[in-house]
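Read-outs: derived from the displayed coordinates by stated rules, not from any lab. These numbers come from a predicted model, not from an experiment. Backbone-built Cβ (ideal geometry, glycine too); neighbour counts: all protein chains shown.
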Amino acid sequence: NSDNDSDTGVVIETRPKTRKPPLYKVLLLNDDYTPMEFVVLILERFFGLTHAQSFEIMLTVHKKGVAVVGVFSHEIAETKVGQVMDFARRHQHPLQCTMEKE
Ligand code: TYC
């Protein structure tokens, strides 16, 4: 923004020299083996979604192959992906979770 030139002819740069941090979509991928209830549990536990919201997203992934579960800062998105991948591996399910810049 350029302001304050109405009286003095002097332009003062008022744009703050900061950037909004990039946001990252966390994506859940479909597979043929992970139980539906397990996916719902993950969405409730790690993304704070209600049972109904979780069931809806799980079904979207099941039908379409992929869905956005949430949008976060890089650090939060990395943490969520790690939590999901750890939990799935500990239960020996092939569930995949990734992130991508918005
Ligand atoms: N397709 C799986 C099944 O039929 C369910 C599933 C949904 C798996 C979402 C992964 O991200 C997923 N049991």
Checklist entry - Can you spot a residue in the stretch 67-81 that is more than 16 Å from the ligand (Cβ to nearest atom), exposed (fewer than 11 other Cβ atoms within 10 Å of the Cβ) and acidic (Asp, Glu)? => result yes
Checklist entry - Of all residues in the stretch 82-100, which are assigned to a loop (DSSP other than H, G, I, E, B) and loosely packed, with under 14 Cβ neighbours inside 10 Å? => result His91, Gln92, Pro94
Checklist entry - Within the stretch 18-54, which residues are assigned to a loop (DSSP other than H, G, I, E, B), within 13 Å of the ligand (Cβ to nearest atom) and surrounded by 10 or more Cβ atoms within 10 Å (Cβ to Cβ)? => result Asn30, Asp31, Thr34, Pro35
Checklist outcome for this item: Restricting attention to the stretch 32-73, the residues that are within 18 Å of Gln83 (Cα to Cα) and touching a residue at least 60 places away in the same chain (Cβ under 8 Å) number exactly 1
Next on the checklist: Here is a check on your reading of the model: is Ala77 among the small types (Gly, Ala, Ser), over 13 Å from Leu27 (Cα atoms) and assigned to a helix (DSSP H, G or I)?
Outcome noted: no
Item to check | Filtered residues of the stretch 57-74 (kept if in a helix (DSSP H, G or I) and either more than 18 Å from Leu23 (Cα to Cα) or aromatic (Phe, Trp, Tyr) (or both)) | outcome: Ile57, Met58, Leu59, Thr60, Val61, His62, Lys63, Lys64
